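Notes follow once the structure below has been shown.
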Amino acid sequence: MGPRTRPGDDDPDTPPRWWWCLKHDRPEYDAGCPDRRRLGPFATEAEAAAALETATARNEIWAAEDEAEADDPWGDREREQYPPWS
């Protein structure tokens, strides 16, 4: 069986996968550009279409976590809440 190229070409062993193509700036279904040029996989075309927004939101969360860790690299604030003698 060749590569799936349309949502109707379902393989029962593999769930459908959508990707966001960074080269063509659009969702692609399974067979498409090489993975190094895509984000995903996603379960639906709508999720793939929102890939850049999803990535941006995740990056913002991770940047905030990194900043919080940089402010307290040894976790001293957390340890102060739970002294060893309590």
Label-point separation (nm) for residue 13 and residue 63, each offset 7 Å from Cα along Cα-to-Cβ? 4.3
Give the long-range amide H neighbours of residue 17: residues separated by 5 or more places, or on another chain, with amide H under 5 Å away, using H modelled in the peptide plane at 1.01 Å from N. 30
With x for Gly and Pro, the residue-by-residue ³J(HN,Hα) of the stretch 62-69, computed from phi through the Karplus equation 6.51 cos²θ - 1.76 cosθ + 1.60 at θ = phi - 60° and given in whole Hz, is 5, 5, 5, 5, 5, 5, 5, 5
Going highest first, how would you order 16-26, 33-43, 61-71 by mean Cβ packing within 10 Å? 16-26, 33-43, 61-71
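Bear in mind that the values in this text are calculations on the coordinates, not laboratory data. What you see is a predicted model, and the numbers here were worked out from it, not measured in a lab. A quick note on method: Cβ atoms are made from the backbone with ideal geometry, for glycine too, and the neighbour counts reach across all protein chains shown.
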